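Asks: Quick one: the structure is below, and I'll ask about it shortly.
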Amino acid sequence: MSWMPSGTVYGTLLNFRAEVEALAPQMNQPPYKAPPKAPVLYVKTANTWSAHGAAITVPARVPEVEIGATIAMVMGAAGKIAGYVLMNDLSVPHASFFRPPVKFKCLDGFLGIAERLVPASEAGDPSGFMLEVRINGELRQTVNFNHLVRDATRLLADVGEFMTLHAGDVLMLGCDAGRPLARPGDRIDISAANFGTLSNTLIEEPSAAGPTQGVSAPAGGSDDTPVRSVGATSS
């Protein structure tokens, strides 16, 4: 049986240096006028979870989705890291980064989850993690976790300053800039040494179902028009 989370899954924004550099000009504009000082988190709700090998339906109103290849920490007892897991944090391309809109991040099936939790004792140093993203067999992105703003230890400590993570909770290390874009019909493979491969195929929403309606965005979310995120590259 494929591994699935037993707690809350949190995504982390702005934790790769290239992502921060690309968005730096926007951080000094209203309403914030300064870069964030604490980790920027969001929740991937349970309706988003898709097992390895599952087909993920893309709503008819969405022409392409952004691939968010990452590795996440899974919490164990007493605040320790139990292990790590490959994830594909899909989203509708959008501009908001301080308050990622729920309707763009939490569509049904929009989080691919690898079938195996790799114990912390086997995973090695997270700063040495490397991911490769392939679309239909073509290499589209390489992610080096040595380029994190906050490494796994510091990220966990900084998050712990304002909230408690319990056993079973999951915290993503973040997604780098240059996230590839994929369309219905594309197969996405995310692989890393010692982790194997996470594979999912995007499929088009059946026309009879009509457009999927997103959940309302929190205050401050952007409007309904999807816009390409910084560094996103189309397939």
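The values are calculated or read from the model by the stated rules, or taken from the named source; none is laboratory data. Every value quoted in this text rests on a predicted model; they were computed, and no experiment measured them. Neighbour counts are summed over all protein chains in view; Cβ atoms, including those assigned to glycine, are modelled from backbone coordinates with ideal geometry. Ligands, DNA and RNA are excluded from the accessible area calculation, which covers all protein heavy atoms including side chains. Shrake-Rupley method; radii C 1.70, N 1.55, O 1.52, S 1.80 Å.
Asks: List the residue pairs whose Cβ atoms are under 9 Å apart, where the first residue sits in the range 134-161 and is among the aromatic types (Phe, Trp, Tyr), the second is open to solvent by 60 Å² or more (accessible area, probe 1.4 Å), and the two are 6 or more positions apart or on different chains.
Replies: Listed by first residue and then by second, the contacts come to Phe145/Met130; Phe145/Asp151.
Asks: To continue, here is another question. Looking at Glu122, is it of a type outside the set (Gly, Ala, Ser), closer than 27 Å to Asn200 by Cβ and open to solvent by 60 Å² or more (accessible area, probe 1.4 Å)?
Replies: For Glu122, the condition - of a type outside the set (Gly, Ala, Ser), closer than 27 Å to Asn200 by Cβ and open to solvent by 60 Å² or more (accessible area, probe 1.4 Å) - is met.
Asks: Separate question: Scan the range 63-93 residue by residue and report those that are within 15 Å of Ala182 (Cβ to Cβ) and buried (at least 21 other Cβ atoms within 10 Å of the Cβ).
Replies: Residues satisfying the conditions are Val65, Glu66, Ile67, Gly68, Ala69, Asn88, Asp89, Leu90, Ser91, Val92.
Asks: Sticking with this one: Can you list residue pairs whose Cβ atoms sit under 7 Å apart, with the first residue in the range 27-39 being touching a residue at least 24 places away in the same chain (Cβ under 8 Å) and within 19 Å of Phe16 (Cβ to Cβ) and the second being of a type in the set (Lys, Arg) and open to solvent by less than 50 Å² (accessible area, probe 1.4 Å)? Count only pairs 6 or more apart in sequence or on different chains.
Replies: As it stands, the answer is Pro39/Arg150, since those pairs meet every condition given.
Asks: Taking the criterion of being aliphatic (A, V, I, L, M) and surrounded by 16 or more Cβ atoms within 10 Å (Cβ to Cβ), would at least one residue in the range 24-38 satisfy it?
Replies: No.
Asks: Is it the case, given these coordinates, that Lys44 is of a type in the set (Lys, Arg) and open to solvent by 40 Å² or more (accessible area, probe 1.4 Å)?
Replies: Taking the combined requirement at face value, the residue does not satisfy it.
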